[in-house]
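Read the structure below first, then the notes.
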Amino acid sequence: MIALAGLAPSGLALALAGAGSAAMLRRSWRHRQGMIVPLVAGGWMVLIGAAVLAMLAIGPIKGLALAATMQSAGALAVIWQGRVQRQPARMPRAEAVVGDAAPEPLEQRARLWRGVLRVLLAGPLGMVAALALALCLAVYLPGDPRTRIVLSGLAMPVLWGLAMTWTLADRRLLRALAVLVGTSLLGLGIAALGGAA
């Protein structure tokens, strides 16, 4: 009980860091002229910096677990707060300005072969990329090997979900293919190097 009470201020600080970084990233992504690079960099620096500080203050395993949990809760609070905002009505296609941003994936004309390729990229290939990153976590995380295996196993579906989301949102199939194949090869190579050492 005393240990949990000692973690409460750290957890609150991590939740606030997660909320602040999510707010910065969200504000940048919703900007009309495109992403604001300083806000994106600042959001990720706050997120990673808070996790590193927690690992140094509490310990590598407890700090990482607390940071992942509380920062996610803070970020979800920001997302939940913005769920009731309504999007403005879209202009008809005839009134759209020629210099507007590229259309969203759902605005494109549907093609069966593109859908099949997206499913193959997001499903099996996304799973291989997520597995490669999870293996890197299992090899390089500090702590007991059993704990590293459990943490990498828990990270695997999250990483796969991120890979699927990004692949389905990206309009360019070749770019998605290149990133997923590159991530798979690089992750498996790095994990193999760490396992051999």
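Residues of the range 130-180 that are more than 27 Å from GLY59 (Cβ to Cβ), open to solvent by less than 70 Å² (accessible area, probe 1.4 Å) and among the charged types (D, E, K, R): ASP170 alone.
For (1) in contact (Cβ under 8 Å) with a residue 24 or more places away in the chain; (2) in contact with an Asp or Glu (Cβ under 8 Å, 6 or more places away or on another chain); (3) within 22 Å of LEU76 (Cβ to Cβ), each residue gets a yes or a no:
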| site | (1), (2), (3) |
| --- | --- |
| ALA13 | yes, no, yes |
| ALA17 | yes, no, yes |
| ARG27 | no, no, yes |
| ARG30 | no, no, yes |
| VAL40 | no, no, yes |
| VAL52 | no, no, yes |
| LEU56 | no, no, no |
| GLY59 | no, no, no |
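For the residues LEU137, LEU154, the requirement of being closer than 22 Å to LEU193 by Cβ and without any contact (Cβ under 8 Å) to a residue 60 or more places away in the chain singles out LEU137.
Determine, yes or no, whether THR183 is touching a helix residue (DSSP H, G or I) at 6+ places or on another chain (Cβ under 7 Å), open to solvent by 30 Å² or more (accessible area, probe 1.4 Å), assigned to a helix (DSSP H, G or I) and farther than 24 Å from ALA65 by Cα.
Spelling it out, THR183 is indeed touching a helix residue (DSSP H, G or I) at 6+ places or on another chain (Cβ under 7 Å), open to solvent by 30 Å² or more (accessible area, probe 1.4 Å), assigned to a helix (DSSP H, G or I) and farther than 24 Å from ALA65 by Cα.
VAL119 meets the conditions (1) touching a residue at least 40 places away in the same chain (Cβ under 8 Å); (2) over 30 Å from GLY59 (Cβ atoms) in every case but one. The failed one is (1).
For the range 33-54, the set of residues classified as modelled with pLDDT under 90, farther than 13 Å from ALA13 by Cα and aliphatic (A, V, I, L, M) consists of MET35, ILE36, VAL37, LEU39, VAL40, ALA41, listed by residue number. Looking across the range 55-84 at every residue that is open to solvent by less than 90 Å² (accessible area, probe 1.4 Å) and outside any helix (DSSP H, G or I), the one that is modelled with the lowest pLDDT is identified as GLY82.
The values are calculated or read from the model by the stated rules, or taken from the named source; none is laboratory data. A quick note: this is a predicted structure, and the numbers were derived from the prediction, not measured. So basically every Cβ, Gly included, is an ideal-geometry build from the backbone, and we count neighbours across all protein chains shown. We work out accessible area using only protein heavy atoms, side chains counted, and drop any ligands, DNA or RNA first. Shrake-Rupley method; radii C 1.70, N 1.55, O 1.52, S 1.80 Å.
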